[in-house]
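The values are calculated or read from the model by the stated rules, or taken from the named source; none is laboratory data. These numbers come from a predicted model, not from an experiment. Here the Cβ positions follow ideal geometry from the backbone for every residue, glycine too, while neighbour counts run over all protein chains shown. For accessibility, only protein heavy atoms count, side chains too; no ligands or nucleic acids. Shrake-Rupley method; radii C 1.70, N 1.55, O 1.52, S 1.80 Å.
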Amino acid sequence: MKKNQFLNIIVALGVLGFAACKKDSFLNRHPLSDISPATFFTTETDLQLYCNQYYNTLPAQTLQRADDQSDDKANAMINALLAGTYTIPPSADTTKDLVGTGAYITQLNLLNGSGTNWSWALNRQCNFFVANYAKADLSDSIKNEYLAETLFFRANDFWKKVKAFGDVPYINTYITDTSKSVLYGTRMPHQQVMDSVLKDMNFAVANLPVTPAQTGRINKYAALALKARICLWEGTYRKYWPNGGDPAAYLQGAVDAAEQLMNSGKFSIYKTGHPNSDYYNLFIQEELSGNPEAILPLRFLPSVLMNGIDRNLGEAGDGYSKNFVRNYLCSDGLPTALSPLYKGDDSIDEEIQNRDPRLKQEIATRGFDLLNGDTITVPRIATVTTSTGYMPIKGRSNSLAAWNANASTYDFFIFRYAETLLIEAEAKAELGQCDQSVLDKTINLLRDRVGMPPMVITSLVKDPHSDFPALPVLLDEIRRERRVELASDGFRFDDLHRWHAGPLINNPETILGIKVLPAFKSEYTYDISGVALDANHYVRVYPSITARQWDDKMYLYPIPTQELTLNPGLKQNPGW
């Protein structure tokens, strides 16, 4: 049974704008101007309560419309950035809705952690703590624990800003009336900011406890997971971008952090011996606390805190792209272009035969129970359910209770061990250090869960349809594994960014869905007369275009116009 542990509630209430049933009055926060440093920062409770406000920025993987801004999906409402219709926000407290009309919405309405706005509120909160925490009459180890929490969140905030905007001002001191000139400074180069981010993360790893005094607070393992994620991103960015800098220290940092997690003995891949359902079931669990794959979970409690993700996933109008689905290997471990087991895609029933079992655990196919006995007996295409015919089901259950508005108590992952293993494999491969023993401790553990053949270096064959034809086959296959295992987790655009691979968006298959041959039209649940098909009978999600058009300016977001007016020294990002 779940226990009412107040920090878990703080985390969840902060992260999810669609969460319901707030009960704890102590969550009400006061402006920093109402806090007197001379009297407030005195006890450990003070430090705890102050740090609680950061937790709403933890990057929970809600799965809702995640990866729509990539080649993995083609939502019914076209992504504004990839469509070229995204315009510059007027101010820092708003950002554009990336789906549909592109209307301006507040940042709270986006998945928290997206980092696509220019707000410096969290940075200010962190710097205020750094300026005052030492006043507490506590041991250095206790004070450093909360400083480590603060630097964890500050580092994550700066990393998100670097991903979103590139060079950004680096502010690491609390700004007062006498130091406000810092607000009018110029942008610090990306590499310098990230070097400071790594310094903060190293402090967090060194000073956060393995077991915090208060259940639910971030710990050393969460810091290692974030460090591994950040270091892989920055290391590969430096490798693949012109003048990106030396990648070695960051790639090694990713390896070091991942291996500390792997060697801790605390985590493993969740499996129960059911390869055709274990992956799917991992994401519809009422309790992730104690799950061996959960480095840090986001917990929900009946009648205390619930979410509406199950229903939202069913009404998202989402759909995986033909390009994404082609990425699944056949059950013999070979790509569809090389495997004799591949049956083609004249129907979805043929397309899913003899494929990686994760395909049927991530995409609704014949026999899947959508809701309380509403079983798919024929393929479906409808704007409200799926745009492409490849309906995402990761995190979606058939529970009527979970379908009710804001009534789901399925937990979310914040950091998942599977990602750590993928980071280890990729970073090792980038460093030229990935041998069979590395694969057996990483990729092959993921494949074993679903009954796929292991990846064997000596047997790898280059996929003729690879998105990365010039990439060594080992790295290519590790990237494929990452794409499949982390589908809908929200990493894909960041991956395209760090690999300098935005032009993959131009592939026409990224806006195509299932094939609908005339002979099979009568099988579809919904009237498909309004669904556009191309000359080869594939669903074309956006009838007015044959492909999306990548522009390199899309790697970065524009700085809000008001910010440029307030500080002319900032300068707008290229192309905007």
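In region 43-66, of all residues being out of contact with any Leu (no Cβ under 9 Å at 6 or more places or on another chain) and in contact (Cβ under 8 Å) with a residue 24 or more places away in the chain, the one that is nearest to Ala547 (Cα to Cα) corresponds to Cys51. Looking at Gly253, is it modelled with pLDDT under 95, more than 30 Å from Gln572 (Cα to Cα) and surrounded by 18 or more Cβ atoms within 10 Å (Cβ to Cβ)? Considered against the rule, which asks whether it is modelled with pLDDT under 95, more than 30 Å from Gln572 (Cα to Cα) and surrounded by 18 or more Cβ atoms within 10 Å (Cβ to Cβ), Gly253 comes out as no.
When region 112-165 is examined, which residues are found to be aliphatic (A, V, I, L, M) and part of a helix (DSSP H, G or I)?
The first filter runs over region 112-165 and keeps only residues aliphatic (A, V, I, L, M), leaving 121-122, 130-131, 134, 136, 138, 142, 147-148, 151, 155, 162, 164.
If the condition is that a residue be aliphatic (A, V, I, L, M) and part of a helix (DSSP H, G or I), then Ala121, Leu122, Val130, Ala131, Ala134, Ile142, Leu147, Ala148, Leu151, Ala155, Val162, Ala164 are the ones that fit.
When we screen Asp345, Asp349, Asp310 for residues that are open to solvent by 20 Å² or more (accessible area, probe 1.4 Å), in contact (Cβ under 8 Å) with a residue 12 or more places away in the chain and not in a strand (DSSP E or B), the only hit is Asp349. Consider Pro379 carefully, then state whether it is at pLDDT below 95, in a loop (DSSP other than H, G, I, E, B), touching a strand residue (DSSP E or B) at 6+ places or on another chain (Cβ under 9 Å) and over 25 Å from Thr62 (Cα atoms). Answer is yes for this residue.
Each row is one residue, and each column tells you yes or no for (1) among the β-branched types (Val, Ile, Thr); (2) farther than 26 Å from Met306 by Cβ.
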residue: Thr386; (1), (2): yes, no
residue: Tyr390; (1), (2): no, yes
residue: Ser408; (1), (2): no, no
residue: Asp411; (1), (2): no, no
residue: Phe415; (1), (2): no, no
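Restricting to region 493-519, give me the number of residues that are within 24 Å of Asp349 (Cβ to Cβ) and in contact (Cβ under 8 Å) with a residue 60 or more places away in the chain. So the answer is 9. The set of residues in region 446-459 being in contact with a helix residue (DSSP H, G or I) (Cβ under 6 Å, 6 or more places away or on another chain), of a type in the set (A, V, I, L, M) and buried (at least 16 other Cβ atoms within 10 Å of the Cβ) consists of Leu446, Val450, Met455. Within region 202-231, the set of residues being among the β-branched types (Val, Ile, Thr) and in a helix (DSSP H, G or I) comprises Val205, Ile230. Summed over region 313-339, residues that are out of contact with any helix residue (DSSP H, G or I) (no Cβ under 9 Å at 6 or more places or on another chain), part of a loop (DSSP other than H, G, I, E, B) and crowded, with 24+ Cβ neighbours inside 10 Å total 2.
Considering each of Tyr240, Tyr221 in turn, give the residue that is over 23 Å from Asn56 (Cα atoms), among the aromatic types (Phe, Trp, Tyr) and out of contact with any Asp or Glu (no Cβ under 9 Å at 6 or more places or on another chain). It would help to see each step written out before you state the result.
Working: Tyr221 fails: over 23 Å from Asn56 (Cα atoms).
Matching residue, one of Tyr240, Tyr221: Tyr240.
What number of residues within region 183-213 are surrounded by 13 or more Cβ atoms within 10 Å (Cβ to Cβ), closer than 24 Å to Glu149 by Cβ and modelled with pLDDT under 95? Residues meeting the conditions: 1.
Here's the yes/no breakdown for (1) of a type outside the set (Gly, Ala, Ser); (2) farther than 29 Å from Tyr557 by Cβ; (3) part of a helix (DSSP H, G or I):
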{"residue": "Leu421", "(1), (2), (3)": "yes, yes, yes"}
{"residue": "Pro469", "(1), (2), (3)": "yes, yes, no"}
{"residue": "His500", "(1), (2), (3)": "yes, no, no"}
{"residue": "Gly513", "(1), (2), (3)": "no, no, no"}
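From the residues in region 357-370 that are among the charged types (D, E, K, R) and over 22 Å from the mean Cα position of the chain (by Cα), which one is least open to solvent (accessible area, probe 1.4 Å)?
Here is the first cut: in region 357-370, the residues among the charged types (D, E, K, R) are 358, 360, 362, 366, 369.
Going one step further and asking which of them are over 22 Å from the mean Cα position of the chain (by Cα), we end up with 366, 369.
Values: Arg366: 103, Asp369: 37 Å².
This residue is Asp369.
If the condition is being touching a helix residue (DSSP H, G or I) at 6+ places or on another chain (Cβ under 7 Å), among the charged types (D, E, K, R) and open to solvent by less than 30 Å² (accessible area, probe 1.4 Å), then region 33-72 contributes Asp46, Asp67, Asp71, Asp72.
If the condition is being open to solvent by 30 Å² or more (accessible area, probe 1.4 Å) and of a type in the set (S, T, N, Q), then region 215-248 contributes Thr215, Asn243. In the set Asn281, Asn291, only one residue is over 28 Å from Ala164 (Cβ atoms), in contact with a Pro (Cβ under 9 Å, 6 or more places away or on another chain) and open to solvent by 10 Å² or more (accessible area, probe 1.4 Å); that residue is Asn291.
Got a sec? Which of Glu234, Glu259 is within 15 Å of Ile295 (Cβ to Cβ), assigned to a helix (DSSP H, G or I) and acidic (Asp, Glu)?
Values: Glu234 fails: within 15 Å of Ile295 (Cβ to Cβ).
When all the criteria are applied, what remains is Glu259.
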